[in-house]
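Here the structure is laid out as C-alpha cells; the discussion comes afterwards.
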Amino acid sequence: MRAKNVAQKLIESHRLSGEMTPGSELGLKVDQTLTQDATGTMVMLELDAMGVKRVKTEISAQYVDHNLVQNDFKNADDHIFLQTSAAKYGIWFSPPGNGVSHPVHMERFGRPGKLLIGSDSHTCAAGSMGMLAIGSGGLEVALAAVGQPFYVKMPKIMGVKLTGKLPAWVSAKDVILEMLRRHNVDGGVGNIIEYYGPGLKYLTAMDRHVIANMGAELGATTSVFPSDLQTKAFLKQQGRLKDWTPLAADRGATYDLQDAIDLSKLVPLIACPSSPGNVVPVSDVAGREVFQVMIGSSANPGLRDFAVPAMILKNRKVHERVSLDINPSSRQILENLTKMGALSHLIAGGARIHQAGCNGCIGMGQAPATDKISLRTVPRNFPGRSGTREDKVYLCSPETAIASALMGEITDPRDLQKKLKIAYPRYKEPTKIILSRDMVYPPPKDGKNVKILRGPNIQPLPQFGVLPSHLEGPVLLKLENNISTDEISPAGSKVLPFRSNIPEISKFTFSQVDENFYKRAMHHQKGGSFIVAGSNYGQGSSREHAALAPSFLGIKAVLAKSYARIHRSNLINFGILPLSFSQENDWKGVDRDDVLILKDIHECLRKGNGFTLWNQTKKKELLMKCPLSEHERDVLLEGGLINYMVKHGLQS
C-alpha cells in the first residue's frame, strides 16, 4: 500500500468524485463551514435566493469580526440580519467583539481530520491543527453548507521539512516570511504546503496557525500540519481533549515538491511595502522612522503574540511619536491577558486597546498617517488596504513590532539586548486558561419560526442572465501583475457597510485604480465590456464582491495571464469568462479602450477548444484559452452558479 502524506489522507477521506492526480477536478465532502460578516451577508442572501431551509453540515459558524465600526445604522443592521439568518438556517453565531473568526473557530470547533470551507481566504489557518481548511467564494460555502460537494482541482503537495529550533527574538511569523521571501506571492499557486520534520515539536498549535494563515499570501490552496502532541496540548487547553485524534504522514511518504527550513538559522524578517512577498531581513531596513505599530490579527492571534510584547514593554514606554494599537484576536485572549497582568503592561506602556476583531487589518479604522511608516503583524500590505491611499505598511513579527514601537524606528529586536538591556522573555504557554465558551451561540433546533430582520441597506441579490453567445465591447481597464481583490473591490469603513447592497458597493469598483471606472462601466453595462490583467489576477481576499460587482456592471470577460484560485472560481460563479492569453506576450497587444469581439461563446465553451478574440481597434486576432472542468462549463453556460443550482434543484 502506497505511503501517504497528511494532505493526501485528508483529501482521500473526503473525496466524493475525481482522481487524486494534480490538475484533476475533485468533489469533496465538507464537514464544517465558516463565514464572516464582510462575506457572510452575501452567503445569507445566496441561501435566501436559492430557497434554502436549513444547513446540513456538522458545524457551520457565522462570525462578526471585520466590519465592527458602527458609524450609522448599516453595520448594526447587518449584524442583526446575520444573527437572525444564522438562527433561521441552523448556523452558530459569534457576535461583534467576540473575536476574529479563525482563532475563535480553532478554539471552539477545530478538529483534526475534518474539512472546513470558509468564505475568507485565511480559512487555511485551521490547517494548523490537522484539518483540510480551504478558503473559497461565499457562494461555494453556501452550497457546501447545504450538502453539495466542494469542487477544487487536485493540487500538488509541497513538503517543507522543518529542522532545528527558533532562536531568541525569532518567531513563527519569521517562518512564513521566509517562505514568502523564497517563493513570493504566487509561489504556492496550485499547491498544498505540508510542514513536517523534527522542528515541528518546538512549534505550538498557535505558532502553526501563524504559518498556515499566511499560506494564503503564497497563493497556496491551503497549508497542513500533522495532528500531534502539540495539537493535543492545544485542545486540552481549550477543554476539548476528546476532539483530538492523531494524524501523521506515513513512513516513506513523498511529495511532489520539496523545500526545507532550518529554524535555527532564521533571522527577524519584514515584508516591505506594498506586497507580502517583498521580504528582507529587518536589519536591512533598520533605522527608518516609525509612526504606528499594530499588534494582532488572524496572522498573529495567539496569547503569546500579545504576552511577549507585553513582557518586553513592562515598565517601559513606547516612543513619543508611535501609536501602538493592540487588536486582541478573541474575547478569550483579552480575558487571559487581563488575568495574567499583560494587559496592564501594555496599557501602562502607552498602548491603545481596541475591541477583539480584525479592525485595521481590513482598513476598519487605524489608518496610518500620510507618507508615514506603519508596522503591523497583519497578513497583508496591499496598496491602500490600510485605509490610507499611499500607505507604507510593513509586515513583521510581534517581537519586531514592539522593538520598533519602543525605539521609534524599525528595529531588529535582537538589538534590544544591547540597546536597552532587555533579555528575550521566557514565555511558556499556560496549560490552564480562562475559557470563553458562551459567546458563540448555537442555533435553535428548528428555525421555522425565526424571522430574518433586514435593514433598509440590505438588498436582494441581483439576478444575472445567461452568458451571451456574442460579446462586443471595450476594454475598460488594462492592469499589471498581482492585482488584488482589495484593488478591485476595496475594503475599509467607507465601502464595507455596503457589502449587502451590490448596486451601492459597485460604485467603488476599481476606484483605487481609476476614479471614473464606475461611470464608464455603467455606460457600457447593457452591451458588456472587458478587463485586461496580468498574472495572478485577483490575489488576496476571497471577497466575491470583486466578481459580483463587475458582473453587475456588465463585465462579461476578463483577459489575464493567470488567475488566483479563489477569484477565478468567483468569476465563473457569477458568469464572467476567465480567459487566459495563449501567449503571455499577447497581453501587450491589447490596450484600454480597444473594442473586442468574442463570437460563438456557447459553442466554444461546449467544445472546450479555446476562443478566437478579434481586436476590432487594432484589426488583430488573438487566441485565448479557457480551460474548464465540465462542472465549470455548465455553470458558465447558465450564467452563474445560482442559476445552475436552481435550475437543477440541487440547493434543497
> Taking strands (runs of 3 or more DSSP E) that fall entirely within the stretch 217-291, which contain at least 3 residues that are aliphatic (A, V, I, L, M)?
Replying inline: 257-262, 269-271
> Which members of the stretch 162-199 meet the condition of being under 24 Å from Glu429 (Cα atoms) and within 24 Å of the chain's Cα centre (by Cα)?
Replying inline: Ser171, Ala172, Lys173, Asp174, Val175, Ile176, Leu177, Tyr195, Tyr196
>> Out of everything in the stretch 624-652 that is β-branched (Val, Ile, Thr) and either assigned to a loop (DSSP other than H, G, I, E, B) or modelled with pLDDT under 90 (or both), what residue ends up being nearest to Pro474 (Cα to Cα)?
In response: Ile642
>> Being within 30 Å of Gly540 (Cα to Cα), β-branched (Val, Ile, Thr) and touching a residue at least 40 places away in the same chain (Cβ under 8 Å) is the requirement here; does Val450 meet it?
In response: no
>> What are the pairs with Cβ atoms under 6 angstrom where one residue, in the stretch 415-431, is closer than 16 Å to Asp207 by Cβ and the other, located anywhere, is of a type in the set (Gly, Ala, Ser) and part of a helix (DSSP H, G or I)? Sequence gap at least six, or different chains.
In response: Tyr427/Ala307
>> If I ask for residues that are acidic (Asp, Glu) and closer than 15 Å to Ala547 by Cβ, which ones from the stretch 625-648 would you list?
In response: Glu632
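Pick from the stretch 486-536 the residues that are assigned to a loop (DSSP other than H, G, I, E, B) and touching a His at 6+ places or on another chain (Cβ under 7 Å): which of them is surrounded by the fewest Cβ atoms within 10 Å (Cβ to Cβ)? Outline the logic, then answer.
Filtering the stretch 486-536 for residues assigned to a loop (DSSP other than H, G, I, E, B) gives 489-495, 499-501, 509-516, 524-528, 534-536.
Filter once more, keeping what is touching a His at 6+ places or on another chain (Cβ under 7 Å): 489, 499.
On the way: Ser489: 26, Arg499: 28.
The extreme case among them is Ser489.
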> Which of (1) in the same structural domain as Pro398 (by TED's automatic domain parsing); (2) in contact (Cβ under 8 Å) with a residue 24 or more places away in the chain does Tyr202 not meet, given it meets every other one?
Replying inline: (1)
> Glu621 is checked against (1) more than 26 Å from His648 (Cα to Cα); (2) assigned to a loop (DSSP other than H, G, I, E, B) and fails just one. What number does that condition carry?
Replying inline: (2)
> Would a scan of the stretch 471-481 turn up a residue that is in a helix (DSSP H, G or I), of a type outside the set (S, T, N, Q) and outside the structural domain of Pro95 (by TED's automatic domain parsing)?
Replying inline: no
> When the stretch 241-265 is examined, which residues are found to be surrounded by fewer than 14 Cβ atoms within 10 Å (Cβ to Cβ) and in contact with a helix residue (DSSP H, G or I) (Cβ under 6 Å, 6 or more places away or on another chain)?
Replying inline: Leu241
> Quick one: would you say Gly130 is crowded, with 24+ Cβ neighbours inside 10 Å, in contact (Cβ under 8 Å) with a residue 60 or more places away in the chain and on the phi > 0 side of the Ramachandran plot?
Replying inline: yes
> If you scan the stretch 154-171, which residues turn out to be surrounded by fewer than 19 Cβ atoms within 10 Å (Cβ to Cβ) and either of a type in the set (D, E, K, R) or part of a strand (DSSP E or B) (or both)?
Replying inline: Lys156, Lys161, Thr163, Lys165
>> Quick test for you: out of Asp591, Asp586, pick the one residue that is surrounded by fewer than 20 Cβ atoms within 10 Å (Cβ to Cβ), within 33 Å of the chain's Cα centre (by Cα) and closer than 22 Å to Thr485 by Cα.
In response: Asp591
>> Looking only at the stretch 172-200, how many residues end up being buried (at least 24 other Cβ atoms within 10 Å of the Cβ) and outside any helix (DSSP H, G or I)?
In response: 7
> Would the stretch 606-613 turn up any residue that is within 16 Å of Pro468 (Cβ to Cβ), aromatic (Phe, Trp, Tyr) and surrounded by fewer than 20 Cβ atoms within 10 Å (Cβ to Cβ)?
Replying inline: no
> Which of the residues spanning the stretch 85-115 are touching an Asp or Glu at 6+ places or on another chain (Cβ under 7 Å) and not charged (D, E, K, R)?
Replying inline: Gly99, Val100, Ser101, Leu115
> What residue, of Pro276, Pro268, is closer than 30 Å to Lys114 by Cα, touching a helix residue (DSSP H, G or I) at 6+ places or on another chain (Cβ under 6 Å) and either modelled with pLDDT of 95 or more or surrounded by 14 or more Cβ atoms within 10 Å (Cβ to Cβ) (or both)?
Replying inline: Pro276
> In the stretch 31-45, which residues are in contact with a Ser or Thr (Cβ under 6 Å, 6 or more places away or on another chain) and either among the β-branched types (Val, Ile, Thr) or surrounded by fewer than 24 Cβ atoms within 10 Å (Cβ to Cβ) (or both)?
Replying inline: Thr33, Thr35, Thr39, Thr41, Val43
>> Let me confirm something: among Val210, Val185, Val175, which residue is of a type in the set (A, V, I, L, M), within 18 Å of Leu116 (Cβ to Cβ) and not assigned by TED's automatic domain parsing to the domain that holds Pro379?
In response: Val210
>> The conditions are (1) in contact with a strand residue (DSSP E or B) (Cβ under 9 Å, 6 or more places away or on another chain); (2) of a type in the set (A, V, I, L, M); (3) modelled with pLDDT under 95, and Ala423 fails exactly one of them. Which is it?
In response: (1)
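Yes or no, residue by residue, for (1) more than 13 Å from Leu559 (Cβ to Cβ); (2) not hydrophobic (A, V, I, L, M, F, W, C):
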site: Gly589; (1), (2): no, yes
site: Val595; (1), (2): yes, no
site: Lys599; (1), (2): yes, yes
site: Arg606; (1), (2): yes, yes
site: Thr617; (1), (2): yes, yes
site: Leu641; (1), (2): yes, no
site: Tyr644; (1), (2): yes, yes
> In the stretch 27-126, which strands (runs of 3 or more DSSP E) lie fully inside it and hold 1 or more residues that are hydroxyl-bearing (Ser, Thr, Tyr) and within 20 Å of the chain's Cα centre (by Cα)?
Replying inline: 32-36, 59-63, 92-94
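Conditions (1) farther than 26 Å from Glu630 by Cβ; (2) modelled with pLDDT of 95 or more; (3) of a type in the set (Asp, Glu), marked per residue:
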site: Gln539; (1), (2), (3): yes, no, no
site: Glu544; (1), (2), (3): no, no, yes
site: Gly554; (1), (2), (3): yes, no, no
site: Ile566; (1), (2), (3): no, no, no
site: Leu571; (1), (2), (3): no, yes, no
site: Gly575; (1), (2), (3): no, no, no
site: Leu579; (1), (2), (3): no, yes, no
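The values are calculated or read from the model by the stated rules, or taken from the named source; none is laboratory data. What you see is a predicted model, and the numbers here were worked out from it, not measured in a lab. Cβ: placed from backbone, ideal geometry, glycine included. Neighbour counts: every protein chain shown.
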